[in-house]
């Protein structure tokens, strides 16, 4: 199993998706596109792709000129029935690739927040085994409209489109289900000043919230990761 991973920002990390891929014996081709690594010209030879999150918005083509190629690549993966997973920014890029509108700065969330599954998720191969509501880590400011071909799978009050599927195995997931507590701690260290500027009390309340919500969030996150890897 050959999986292309596109990194768009420093210190993002595969987290629990990496755990599930390792369990399946996947070979990972990591491209740090934001650092200048070229995207592959052909998707033949790959079984799936994962597009990770980032602090930029999905319309920032000027600062990140590889974005249009990434959109084309996502469409090519889906057309070939190769599995796709877009997380946070990756989900916003996926929505854009298939005709959704990106709304910048209209849906801010940070920390563990509750997400609710839709009726469609009950028969979805990746999300069907999850509880109807669960806490999960969020860190985003933007959202998007649902592409015409997409099925909404999860929502909450802040963002109507928290997860969607196009075709058999192309998934856009706004929330950070990959983020277990060790990964969130890494983000706390890497982006401490940024977080403190926007959420001054985060350092004081982090451990309590991590203890209360982390175990359930990690159970859900690993279940999503394993189910998506099975869909490859």
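The values are calculated or read from the model by the stated rules, or taken from the named source; none is laboratory data. Every value quoted in this text rests on a predicted model; they were computed, and no experiment measured them. Reconstructed Cβ throughout: ideal geometry from the backbone, glycine too, with neighbour counts over all protein chains shown.
Some observations on this one:
- Scanning the stretch 21-38 for residues that are in contact with a strand residue (DSSP E or B) (Cβ under 6 Å, 6 or more places away or on another chain) and assigned to a loop (DSSP other than H, G, I, E, B) yields 26, 37.
- Answer from 30, 14, 21 - the residue that is touching a residue at least 12 places away in the same chain (Cβ under 8 Å), surrounded by fewer than 15 Cβ atoms within 10 Å (Cβ to Cβ) and closer than 26 Å to residue 227 by Cβ: 30
- For the residues 74, 39, the requirement of being over 15 Å from the mean Cα position of the chain (by Cα) and in contact (Cβ under 8 Å) with a residue 24 or more places away in the chain singles out 39.
- Of the residues in the stretch 23-35, at least one is touching a helix residue (DSSP H, G or I) at 6+ places or on another chain (Cβ under 9 Å) and within 24 Å of residue 144 (Cα to Cα).
- Taken together, the residues in the stretch 42-58 that are free of Cβ contacts under 8 Å to residues at least 60 places away in the same chain and over 21 Å from residue 174 (Cα atoms) amount to 5.
- Residue in the stretch 63-83 that is under 30 Å from residue 210 (Cα atoms), modelled with pLDDT of 95 or more and in a strand (DSSP E or B) present: no
- Residue count for the stretch 196-209 under the criterion of being part of a helix (DSSP H, G or I) and either under 18 Å from residue 22 (Cβ atoms) or in contact (Cβ under 8 Å) with a residue 60 or more places away in the chain (or both): the result is 3.
- Odd one out for residue 165, checked against (1) outside any loop (DSSP other than H, G, I, E, B); (2) in contact with a helix residue (DSSP H, G or I) (Cβ under 7 Å, 6 or more places away or on another chain): (2)
- Test: residue in the stretch 122-134 that is assigned to a strand (DSSP E or B) and touching a strand residue (DSSP E or B) at 6+ places or on another chain (Cβ under 7 Å): yes
- Within the stretch 168-192, the set of residues being in a loop (DSSP other than H, G, I, E, B) and surrounded by fewer than 19 Cβ atoms within 10 Å (Cβ to Cβ) comprises 168, 191.
- When residue 102 is tested against the conditions (1) over 15 Å from the mean Cα position of the chain (by Cα); (2) surrounded by 15 or more Cβ atoms within 10 Å (Cβ to Cβ); (3) without any contact (Cβ under 8 Å) to a residue 60 or more places away in the chain; (4) closer than 30 Å to residue 211 by Cα, the lone failure is (4).
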